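The values are calculated or read from the model by the stated rules, or taken from the named source; none is laboratory data. The shown structure was predicted, so the numbers you read here are calculated from the model rather than taken from an experiment. Neighbour counts are summed over all protein chains in view; Cβ atoms, including those assigned to glycine, are modelled from backbone coordinates with ideal geometry. Keep in mind that these areas ignore ligands, DNA and RNA; they rest on the heavy atoms of the full protein, side chains included. Shrake-Rupley method; radii C 1.70, N 1.55, O 1.52, S 1.80 Å.
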Amino acid sequence: MNAAPSLSVAHLPRATTLLAACALQARYSGGRAGPHVIVLGACSAEAEEYFVVTPGEAARLYAAGYEPLWKR
């Protein structure tokens, strides 16, 4: 797992495939909330997890140990 367990991510939009994460990013980036980015969640050989969040929320996730998608 890429993150510290103390950070709650239950409320964040998530996807289990990169394709689904891209679809969420396109959907959410068109609204008033502005652009959204994809952050890697708990990815393993068996399962993948991606979060689609605003840049501000992404900064909190990065500080907690999550990684940006481009580092994958």
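Of note:
- Any hit, segment 42-56, residues being touching a residue at least 12 places away in the same chain (Cβ under 8 Å), under 20 Å from Ser8 (Cβ atoms), charged (D, E, K, R) and part of a helix (DSSP H, G or I): no
- Test for Ala10: is it part of a loop (DSSP other than H, G, I, E, B) and free of Cβ contacts under 8 Å to residues at least 60 places away in the same chain: yes
- The set of residues in segment 55-72 being closer than 12 Å to Leu7 by Cα and open to solvent by 70 Å² or more (accessible area, probe 1.4 Å) consists of Arg60, Tyr62, Ala63.
- The residue that is nearest to Glu49 (Cα to Cα), counting only those in segment 13-30 that are open to solvent by less than 80 Å² (accessible area, probe 1.4 Å) and assigned to a loop (DSSP other than H, G, I, E, B), is Thr17.
- Count of residues meeting criterion [of a type in the set (D, E, K, R) and modelled with pLDDT under 85] in segment 55-72: 2
- Taking the criterion of being under 11 Å from the mean Cα position of the chain (by Cα) and open to solvent by 40 Å² or more (accessible area, probe 1.4 Å), the only residue of segment 31-42 that qualifies is Val37.
- Restricting attention to segment 44-54, the residues that are open to solvent by 40 Å² or more (accessible area, probe 1.4 Å) and either hydroxyl-bearing (Ser, Thr, Tyr) or modelled with pLDDT of 90 or more (or both) total 2.
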